[in-house]
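> The structure's right below; bear with me while I get my questions together.
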Amino acid sequence: MSEKSSIWRNPVLILVFVLPAISIIAGVGLLVMALRTGGDDPVLDEVRRTARGAQVTDLSADQAAAAGRYAAVVRVDAENGAVEVFPVSGRFTRSAPLQLVLSHPVNATEDVFLQLDPADNGWRTEAQIDGSHDWNLRLFPSDREWRLQGRLESGELAARVQPALQDAGEEP
């Protein structure tokens, strides 16, 4: 006859019972440590400040662009070394210059700030733009009354810029 072995001599059963028990004990221990931690953690304080700052961002320029139904196309003329903006909709002041910011997606030191002067069909300025990577676009007038945003993809020569927010009456 075979001898009956103890249930604790089987390694598989040890794993089945002991590992979950250890996990529960460790989880309770981490929870207790987290609850005992005071509010003087500088990293958490910075996160709280950042979160508060994000909630008070001024969106009035985006709201004005949505209300005025502004939209435009930004075109990079690599052949002639120029950047052009053509209005699509909205009541643009055609005699006033526009500001265009091309933000590098990774390196802020490579951002390009352009002032576009009124031209026949829109606005234009002379500039060489690197088309080997994407650009985040922001277009606004000198008084920053409204703001349009878009993205110029790598290798593309034109991009639509539009309000970051939609008008309350407009469907997505």
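> Can you pull the one-decimal nm distance between simple spin-label points at residue 26 and residue 104, each 7 Å off the Cα toward Cβ?
In this crude spin-label approximation the distance works out to 4.3 nm.
> Direction-averaged shadow area of the convex hull around the Cα atoms of the stretch 60-161, nm²? Show your work: numbers first, answer last.
Working: hull surface 24.4 nm².
Over every viewing direction, the Cα hull of the stretch 60-161 projects on average to 6.1 nm².
> Ok, one more. Please list, in order along the stretch 100-109, the HN-Hα scalar couplings obtained from phi with the Karplus expression 6.51 cos²θ - 1.76 cosθ + 1.60 (θ = phi - 60°), rounded to whole Hz, x for Gly and Pro.
10, 10, 9, 9, 5, x, 10, 10, 5, 6
> Let me ask something else about it. In nm², what is the average projected area of the convex hull enclosing the Cα atoms of the stretch 117-164? Could the numbers behind the result be given before it?
Values: hull surface 15.9 nm².
Result: 4.0 nm².
> Arrange 109, 125 by Cβ neighbour counts within 10 Å, fewest through most, would you? Please list the in-between numbers first.
Values: 109 5, 125 17.
Sorted ascending by nearby Cβ count, the order is 109, 125.
> Further question on the same structure: Can you work out ³J(HN,Hα) from phi for every residue in the stretch 60-74, in order, using Karplus 6.51 cos²θ - 1.76 cosθ + 1.60 and θ = phi - 60°, giving whole Hz and x for Gly and Pro?
With the stated coefficients, the stretch 60-74 comes to 4, 5, 5, 5, 5, 5, 5, 5, x, 6, 6, 7, 8, 10, 9 Hz.
> Across the stretch 125-136, in residue order, what do the Karplus-derived ³J(HN,Hα) couplings come to in whole Hz, using 6.51 cos²θ - 1.76 cosθ + 1.60 with θ = phi - 60° and x for Gly and Pro?
8, 8, 6, 9, 10, 6, x, 7, 8, 6, 10, 8
> Amide H of residue 133 versus every other amide H placed in the peptide plane: which residues, excluding those fewer than 5 positions away on the same chain, fall under 5 Å?
Amide H neighbours of residue 133, under 5 Å, 5+ apart: 155.
Read-outs: derived from the displayed coordinates by stated rules, not from any lab. In this text the structure is predicted, and so the values were computed from the model without any measurement. Please note: Cβ atoms are built from the backbone with ideal geometry, for glycine as well, and neighbour counts cover all protein chains shown.
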